[in-house]
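Just below is one structure, and these are the notes that go with it.
What follows draws every value from the coordinates through simple rules; no lab data is involved. Here the structure is a predicted model, which is why all the values come from computation and not from measurement. As a convention, Cβ positions derive from the backbone with ideal geometry for all residues, glycine included, and neighbour counts pool all protein chains shown.
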Ligand code: HEC
C-alpha cells in the first residue's frame, strides 16, 4: 500500500470536498449542477491520465504515477464513500499534491478543467478498485488502441503512428519491410511523450521523443528477421507500446 493514502486520510478528503463546494461545483454528489458524464470522463481519463496511471476499467497501464485502483482501495474498505473519492480526485487534478517527498515524478496541474475535471473525477471514483470490464455505453467509450491494419513499408519508409488519443500503443502492433535501409516514422498527435525504436544487433536505435503532432524518425539497416519496435519512454513498452516488425 502506498503511503499516499496514509497521509491523505479523511481530513484531506474532506478538505477536497470543501474546496469543491466553495467553488460551487457539485463534485461531491449534491447540488443543482448537471450530473457528471461518465462516458466523457472515461475519454478524458484515457487521453490525459492513462499514460501515467494504471486504472483497470479504463484499460490504462501507465506507471509514472500511482496505480489508481490501489490508491483508494484501503480508504473505500475503511468506509470512505465514492463521492468523497470523487472530491479527492477532482482536487488532485486541479491542485496536484506532491504526495511523497522522495518521489521524482510530478503530476502537471490542470490537465483537465471545468466539466472535464468534474467528469474525469466522477469516472475514476465510479470505477476505482473494480475488477472486470466496463459495461453498457462505457464499454465503447474509448476505441481500443493497437488493432489497426499492419503497417507495410513503401519506398523505404515505414509509417507506424502512435495512438492519437494518448493510449500506450501504436496504431498497429504489426509491420513488415524488405531487408536493407529503412526509415521508420512515427507521428504522435497526442500530448504524451513517445518515440519509436528498434534494437539492432543488441543496440537500441531510437528516433527523438516527440508529442503534439511531432514525428519521431529513426533510420536503420535491417537484415531479414523479426524485430520489436517500441517506445523508449519509461514504462511505455511494458504497458504495451510495442509491436513486431517482420523483415524479409
Ligand atoms: C505526467 C504523469 C501524470 C499524469 C498525466 C497524470 N498524473 Fe496523476 N499523478 C502522477 C504522479 C507522479 C502522482 C503522485 C505524486 C507524488 O507521489 O508526489 C499522481 C497522483 C495522482 C492521484 C493521487 C493518488 C493517490 O495515491 O492518492 C490521483 C487521484 C491522480 N494522480 C489522478 C490523475 C488524473 C485524474 C489525471 C488526468 C486528468 C492524472 N492523474 C494525470 C502523475 C500523473
If R₀ is 51 angstrom, what is the calculated FRET efficiency for the pair residue 155 and residue 37, using the beta carbon separation as r and rounding to 0.05? 0.65
Rg/Rh for the stretch 34-108, where both radii come from Cα atoms and Rh is the Kirkwood radius: 0.95
For residue 77 paired with residue 203, estimate the spin-label separation in nm (one decimal), with each label point 7 Å from Cα along the Cα-to-Cβ line. 5.0
Using alpha carbon centroids, what distance separates the stretch 104-145 and the stretch 158-221, in Å? 27
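Grab the Cα-Cα distance for residue 139 and residue 223, subtract it from 0.36 nm times how many residues apart they are, and report the gain in nm with one decimal.
Extra length from residue 139 to residue 223 when fully extended: 26.0 nm.
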Sorted from fewest to most neighbouring beta carbons within 10 Å, what does the list 111, 245 look like? 111, 245
Give me the distance in nm between label points sitting 7 Å out from Cα along the Cα-to-Cβ direction at residue 244 and residue 215, one decimal. 2.8
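Return the FRET efficiency for the residue pair residue 237, residue 95: r is the Cβ-Cβ distance, R0 is 35 Å, and the value is rounded to the nearest 0.05. Let's see the in-between values first.
Details: r = 32 Å, r/R0 = 0.91.
Calculated transfer efficiency: 0.65.
Given R₀ = 35 Å, FRET efficiency for residue 179-residue 130 by Cβ-Cβ distance, to 0.05? If you can, show how the numbers build up before the last one.
On the way: r = 48 Å, r/R0 = 1.36.
That gives a FRET efficiency of 0.15.
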